[in-house]
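A.B. asks: Below is one structure. I have some questions about it.
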Amino acid sequence: MRCVHSEGIAQGSRPRQEDDYGLFDLPPQLEAGELLLVLADGMGGEQAGAVASALAVRSFIETYDIVPSSAIPERLERTLQHVNSRMALEVASDPDRLRGMGCTLLAVVLAEEGLYWISVGDSPLWLWRRGGCAA
């Protein structure tokens, strides 16, 4: 199952948010975790932040299972590199509208042996344990 959220949530003083998230039930034969969760937040005030966050989430989820890799951390890094390249190509295709677009990104893989993550920017990863949060 692949699921990408693409609807802004209105809160605060801004008329809309520029964040997106998605999840992907990973196929067991991939042996690269069980669930992939991705969160991206368009950089406030930057051009096309909503476009950047949607593209980052979609590209990460579409790429994670096809990137050649033998270990989850390496797969996360290679996927992130692909997403970054994909965003650069998108900007080059329409520089007047997309130049300067950017977003934070947090990708988490839940695996039998534990949790793996990769992060760009200031979107935090919180661990809920024994009724409390820890960064």
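A.B. asks: Go through (1) touching a residue at least 40 places away in the same chain (Cβ under 8 Å); (2) part of a strand (DSSP E or B); (3) of a type in the set (Gly, Ala, Ser); (4) surrounded by fewer than 18 Cβ atoms within 10 Å (Cβ to Cβ) for Ser119 and report which single condition fails.
C.D. replies: Of (1) touching a residue at least 40 places away in the same chain (Cβ under 8 Å); (2) part of a strand (DSSP E or B); (3) of a type in the set (Gly, Ala, Ser); (4) surrounded by fewer than 18 Cβ atoms within 10 Å (Cβ to Cβ), only one is false for Ser119: (1).
A.B. asks: Filtering segment 22-66 down to residues that are assigned to a loop (DSSP other than H, G, I, E, B), touching a residue at least 12 places away in the same chain (Cβ under 8 Å) and over 21 Å from Asp94 (Cα atoms), which residue is nearest to the chain's Cα centre (by Cα)?
C.D. replies: Start the filter on segment 22-66 by keeping residues that are assigned to a loop (DSSP other than H, G, I, E, B), which leaves 26-27, 31-34, 43-48, 64-66.
Of the ones still in play, those that are also touching a residue at least 12 places away in the same chain (Cβ under 8 Å) are 26-27, 32-34, 43-44, 46-48, 64-65.
Keeping just the survivors that are over 21 Å from Asp94 (Cα atoms) gives 26-27, 32-34, 64-65.
Details: Leu26: 15, Pro27: 19, Ala32: 17, Gly33: 16, Glu34: 16, Tyr64: 11, Asp65: 14 Å.
If we take residues in segment 22-66 being assigned to a loop (DSSP other than H, G, I, E, B), touching a residue at least 12 places away in the same chain (Cβ under 8 Å) and over 21 Å from Asp94 (Cα atoms), then Tyr64 is nearest to the chain's Cα centre (by Cα).
A.B. asks: Output the number of residues of segment 77-105 satisfying the condition of being within 15 Å of Thr63 (Cα to Cα) and of a type outside the set (D, E, K, R). First the steps, then the outcome.
C.D. replies: Step one: filter segment 77-105 for residues within 15 Å of Thr63 (Cα to Cα), giving 77-87, 105.
So of that shortlist, the ones also of a type outside the set (D, E, K, R) come out as 79-85, 87, 105.
So the answer is 9.
A.B. asks: Given the criteria of a type in the set (Val, Ile, Thr), at pLDDT 95 or above and in a strand (DSSP E or B), does Val83 qualify? Before the answer, list the steps.
C.D. replies: Details: of a type in the set (Val, Ile, Thr): yes; at pLDDT 95 or above: yes; in a strand (DSSP E or B): no.
No: the conditions fail for Val83.
A.B. asks: While we're looking at this one, here's another question. On the basis of being at pLDDT 95 or above and either of a type in the set (A, V, I, L, M, F, W, C) or over 29 Å from Arg129 (Cα atoms) (or both), does Leu98 make the cut?
C.D. replies: Numbers: at pLDDT 95 or above: no; either of a type in the set (A, V, I, L, M, F, W, C) or over 29 Å from Arg129 (Cα atoms) (or both): yes.
When the stated conditions are applied, Leu98 does not pass them.
The values are calculated or read from the model by the stated rules, or taken from the named source; none is laboratory data. Because the structure is a prediction, the values reported are computed rather than measured. Cβ coordinates were reconstructed from backbone atoms using ideal geometry, including for glycine residues, and neighbour counts include every protein chain displayed.
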